[in-house]
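Encoded as structure tokens, the structure appears first; notes follow it.
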Amino acid sequence: MNVFLSIKQFFNDLRRQKLRSIMTMFGIFWGTCSIVLLLAFGTGITEAQLKSQKGMGENIIIIWPGITAKEFKGLPKGRRIRPTDDDVNYIKERATTIARIAPENGRNMNLKFGRQLTSRNVMGVWPEYGIMRNLIPQMGSRFINQLDLDNRRRVIFLGNLVADQLFGDSVSTAVGREILVNGLPYTVVGIMKEKEQDSSYRGRDSRMGFIPNSVYQAMFSERYSDDIVAQCKPQFTGEIMRQEILRILGEKYKFDPTDVGALSVWDTTEGFAFLKNFFYAFSGFLVAVGIATLITGGIGVTNIMNVVLEERTKEIGIKMALGARKSSILLQFVLETLFITAVGGLLGLMFGALIVKIVPMMGGEEFIGVPRLNLWGSMGVIVILGIVGLIAGIFPARRAANLQPVQALKLF
Amino acid sequence: MAHNVIYMKQVKKRYQTGQVFFDALRGIDLRVEQGELIAVVGPSGSGKSTLMNIMGCLDVPTGGVYKLDDKVVNTLTSNQLADIRNKKIGFVFQAFNLLPYATAYENVEVPLLFARVSGKKRRERVHELLARVGLADKMANKPTEMSGGEMQRVAIARALANEPDIILADEPTGNLDSKSGGAIVKLFEELHDSGKTIVMITHDKSIAERAQRVVRLKDGLNDTNGDLS
Ligand SMILES: Nc1ncnc2c1ncn2[C@@H]1O[C@H](COP(=O)(O)OP(=O)(O)OP(=O)(O)O)[C@@H](O)[C@H]1O
Ligand SMILES: [Mg+2]
């Protein structure tokens, strides 16, 4: 009953002082809502960008053939440098920074199963390629393996969309089946597990097929690779690996390792590092904005508490004159602050959550990602605002409650 | 000899403003018996309000002894003082001191809440009190929606909420015109007739006439009507 009566008293007061309560609540609401949104969109954008990097593969660089742009040891410029599979093995044997390396060829081919016919990009690759590029086989299937490569087996690994297109409803039985690739029979050994982010420099992996590079080269009498994909060991950077590869091939083909024309290289880790730094900065910015918002919210709450100090001190004086104990006055303030903070905070959280739900429906997921509610962060915000409000509210209240009633009545 | 509800001996109050000290009460000797009606008079600044606030436990003396029902008040804890203000003494201010945002009903309810009177009893009591001061129809009015006389009657109803033995009033008609003041005076007379002990700062003739004693204050000292032998 004790507590119940305090609550009755407390709601009486709250209802009477609607404007003040609403203003304070709004301050808390606003602070919580903006921080919830900042956290949610920050998380979403960061994840979207990192994911698009990961979909292509982590720590990889891609090397294309080129033409020397510098003279070197008496050799003229303008020579073509075109690495072969042997060169890839040559690099693999000598380099210390490389975790995986594989050649890559590709062109459009006709894929046919039954009456389904489609023209798709088919790549000649090595087994390592699948790991580097995150081409993960579905359950009960596999990627191209070393035996396929050594024995020039006509096997194919299909992107999930191509598989769907060729096999339709019977896609679950596709593994082991034969399809025709440019008129020749190939056995399907695997289907790619759907990737959330599967675009790369050659188009979407889900719409491609992958065959052993040895088969590819035999089919088109191809000696050279379109490009080479290499993945560095985690302790090295893409740049160090690039320099090592250029040095090794430079020795073999006699070109200046600093010659940017000899081979063109795309270091995806550069972008990755940039993104990582960018998002560190971005997170820092978010934290700063969040802290500023909290401080503003705290000042707002403190201000409101101070604005009403006069009124409140008189109210406290009246209540003490009527027999309120110090503890019940303080309890009232604590309840009030907690209630206002909780309601304002929860409303802010809910409103933020609503926006987080609505915004993705309007599209743009590739860039801003899926904003995700950071529940703990948001709760933290509410708690901090509550503490700020409590401190802001409790000190004037305590000061007033420590006065003699007549002093509180006459203070202003 | 009748029971002393209020007993003061050499009660002093010294105010400090910065470095300046001021003795508002310089040694009050006063005794009030159960059921008495006492009028306190004196020029402005003589310390009447100061005395009344100490009597009502709204302030503490800086010297002397104050006994309420034979208990020394000086040494009580703040919670004990709060309970005295809540149940034993009803205080009526010149400036009404109603909670500005609360209705008449809610204002009268406040002391009952602090006394932890439960719902149904509380409601009955508030209705009864407001009816007694003639404001049964103004229950939902806020102070801004009432006249001065009505506000003071709400304040009286509130002072009576927990049936205190003692009613203290500091110029309860000071802010009122003579007609509404008359109604308030009549209320106090009724209270006196019903056996309450009343101490009131007033210049009202009819109260002074009814009063057992009129205590005169001057420069923080009272005359012999304090009746302390
Ligand atoms: N808080 C205070 N600090 C300093 N001096 C005070 C304080 N309160 C009252 N006084 C002084 O004490 C003296 C007595 O004040 P008090 O209010 O008791 O007078 P009063 O007899 O009630 O006068 P009035 O008839 O005008 O209400 C006054 O001179 C006043 O200035
Ligand atoms: Mg006075």
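The values are calculated or read from the model by the stated rules, or taken from the named source; none is laboratory data. Nothing here was measured: the structure is a model prediction, and the numbers come from that model. Cβ atoms come from the backbone with ideal geometry, glycine included; neighbour counts cover every protein chain shown. Remember, those area values only see protein heavy atoms, side chains included, never the ligands or the DNA or RNA. Shrake-Rupley method; radii C 1.70, N 1.55, O 1.52, S 1.80 Å.
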Looking only at the range B:50-65, which residues are away from chain A (no Cβ under 14 Å) and either within 16 Å of ligand 1 (Cβ to nearest atom) or under 22 Å from A:LEU409 (Cα atoms) (or both)? B:GLY63, B:GLY64
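Here are some residues: B:GLN10, B:GLN19, B:GLN34. Which one is more than 16 Å from ligand 2 (Cβ to nearest atom) and more than 25 Å from B:ASP70 (Cβ to Cβ)?
Values: B:GLN10 fails: more than 25 Å from B:ASP70 (Cβ to Cβ); B:GLN34 fails: more than 25 Å from B:ASP70 (Cβ to Cβ).
Just one listed residue meets the conditions, B:GLN19.
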What do you reckon, is B:GLU209 out of contact with any Gly (no Cβ under 7 Å at 6 or more places or on another chain), more than 14 Å from ligand 1 (Cβ to nearest atom) and on the phi > 0 side of the Ramachandran plot? no
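Look through the range B:110-121, keep the residues that are in a helix (DSSP H, G or I) and within 19 Å of the chain's Cα centre (by Cα), and return whichever of them is nearest to A:LEU322 (Cα to Cα).
Restricting attention to the range B:110-121, the residues satisfying the condition of being in a helix (DSSP H, G or I) are B:110-114, B:119-121.
Keeping just the survivors that are within 19 Å of the chain's Cα centre (by Cα) gives B:110-112, B:114.
Working: B:VAL110: 7, B:PRO111: 5, B:LEU112: 9, B:PHE114: 8 Å.
My answer is B:PRO111.
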So is B:PRO100 facing chain A (nearest Cβ under 7 Å) and of a type outside the set (A, V, I, L, M, F, W, C) or not? no
Given (1) open to solvent by 50 Å² or more (accessible area, probe 1.4 Å); (2) more than 16 Å from ligand 1 (Cβ to nearest atom); (3) over 26 Å from B:GLY195 (Cα atoms), index of the condition B:LEU76 fails: (1)
Pick out the one residue from A:GLN165, A:GLN138, A:GLN146 that is touching a Lys or Arg at 6+ places or on another chain (Cβ under 8 Å) and polar (S, T, N, Q). A:GLN138
What number goes with the only condition from (1) away from ligand 1 (no atom under 16 Å from the Cβ); (2) under 27 Å from B:ARG210 (Cβ atoms); (3) within 14 Å of chain A (Cβ to nearest Cβ) that B:ARG31 does not pass? (3)
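Whether any residue in the range B:35-49 is of a type in the set (Gly, Ala, Ser) and within 11 Å of another protein chain (Cβ to nearest Cβ) is what I want to check. Walk me through how you get there before you give the answer.
Restricting attention to the range B:35-49, the residues satisfying the condition of being of a type in the set (Gly, Ala, Ser) are B:35, B:39, B:42, B:44-47, B:49.
Remaining after also requiring within 11 Å of another protein chain (Cβ to nearest Cβ): B:49.
Yes: the range B:35-49 contains one or more residues that are of a type in the set (Gly, Ala, Ser) and within 11 Å of another protein chain (Cβ to nearest Cβ).
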Please go through the range A:150-175 and give me each residue that is outside any helix (DSSP H, G or I) and charged (D, E, K, R), ordered by number. A:ARG152, A:ARG153, A:ARG154
Of the criteria (1) touching a Pro at 6+ places or on another chain (Cβ under 6 Å); (2) under 21 Å from A:ASP256 (Cα atoms), which one A:ASP85 fails: (2)
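If you go through the range B:153-180 one residue at a time, how many are away from ligand 1 (no atom under 16 Å from the Cβ) and crowded, with 20+ Cβ neighbours inside 10 Å? Write out each step before concluding.
Our first condition is that a residue be away from ligand 1 (no atom under 16 Å from the Cβ); within the range B:153-180, this holds for B:153-167, B:177-180.
With crowded, with 20+ Cβ neighbours inside 10 Å added as a condition, the list becomes B:153-162, B:164, B:166-167.
Total satisfying the criteria: 13.
Does B:THR173 satisfy the condition of being more than 9 Å from chain A (Cβ to nearest Cβ), within 16 Å of ligand 2 (Cβ to nearest atom) and among the hydroxyl-bearing types (Ser, Thr, Tyr)?
Working: more than 9 Å from chain A (Cβ to nearest Cβ): yes; within 16 Å of ligand 2 (Cβ to nearest atom): yes; among the hydroxyl-bearing types (Ser, Thr, Tyr): yes.
Yes.
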Restricting to the range B:109-127, give me the number of residues that are more than 10 Å from chain A (Cβ to nearest Cβ) and either open to solvent by less than 20 Å² (accessible area, probe 1.4 Å) or touching a helix residue (DSSP H, G or I) at 6+ places or on another chain (Cβ under 9 Å) (or both). 5
Among the residues of the range A:185-221, what is the count of those that are open to solvent by less than 50 Å² (accessible area, probe 1.4 Å) and either in contact with a helix residue (DSSP H, G or I) (Cβ under 9 Å, 6 or more places away or on another chain) or within 14 Å of A:MET132 (Cβ to Cβ) (or both)? 22
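Out of B:SER147, B:SER194, I need the residue that is open to solvent by 50 Å² or more (accessible area, probe 1.4 Å), out of contact with any Lys or Arg (no Cβ under 7 Å at 6 or more places or on another chain) and in contact (Cβ under 8 Å) with a residue 12 or more places away in the chain. Which one?
Values: B:SER194 fails: in contact (Cβ under 8 Å) with a residue 12 or more places away in the chain.
Step by step, each of B:SER147, B:SER194 is checked, and only B:SER147 is open to solvent by 50 Å² or more (accessible area, probe 1.4 Å), out of contact with any Lys or Arg (no Cβ under 7 Å at 6 or more places or on another chain) and in contact (Cβ under 8 Å) with a residue 12 or more places away in the chain.
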Within the range B:98-108, identify whether any single residue is open to solvent by 40 Å² or more (accessible area, probe 1.4 Å), away from ligand 2 (no atom under 16 Å from the Cβ) and out of contact with any Pro (no Cβ under 8 Å at 6 or more places or on another chain), and answer yes or no. yes
Filtering the range B:86-122 down to residues that are within 16 Å of ligand 1 (Cβ to nearest atom) and in contact with a Phe, Trp or Tyr (Cβ under 8 Å, 6 or more places away or on another chain) yields none
Give the number of residues within the range A:56-87 that are modelled with pLDDT of 85 or more, exposed (fewer than 14 other Cβ atoms within 10 Å of the Cβ) and basic (Lys, Arg). 1
Can you tell me which residue among B:VAL92, B:VAL5, B:VAL73 is closer than 26 Å to B:ILE184 by Cβ and away from ligand 2 (no atom under 16 Å from the Cβ)? B:VAL5
So B:ASP83, is it within 11 Å of ligand 1 (Cβ to nearest atom), acidic (Asp, Glu) and either under 25 Å from B:LEU113 (Cβ atoms) or within 14 Å of chain A (Cβ to nearest Cβ) (or both): no
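Check A:PHE143, A:PHE157 and return the single one that is in contact with a helix residue (DSSP H, G or I) (Cβ under 7 Å, 6 or more places away or on another chain) and modelled with pLDDT of 90 or more.
Details: A:PHE157 fails: in contact with a helix residue (DSSP H, G or I) (Cβ under 7 Å, 6 or more places away or on another chain).
So the residue among A:PHE143, A:PHE157 that is in contact with a helix residue (DSSP H, G or I) (Cβ under 7 Å, 6 or more places away or on another chain) and modelled with pLDDT of 90 or more is A:PHE143.
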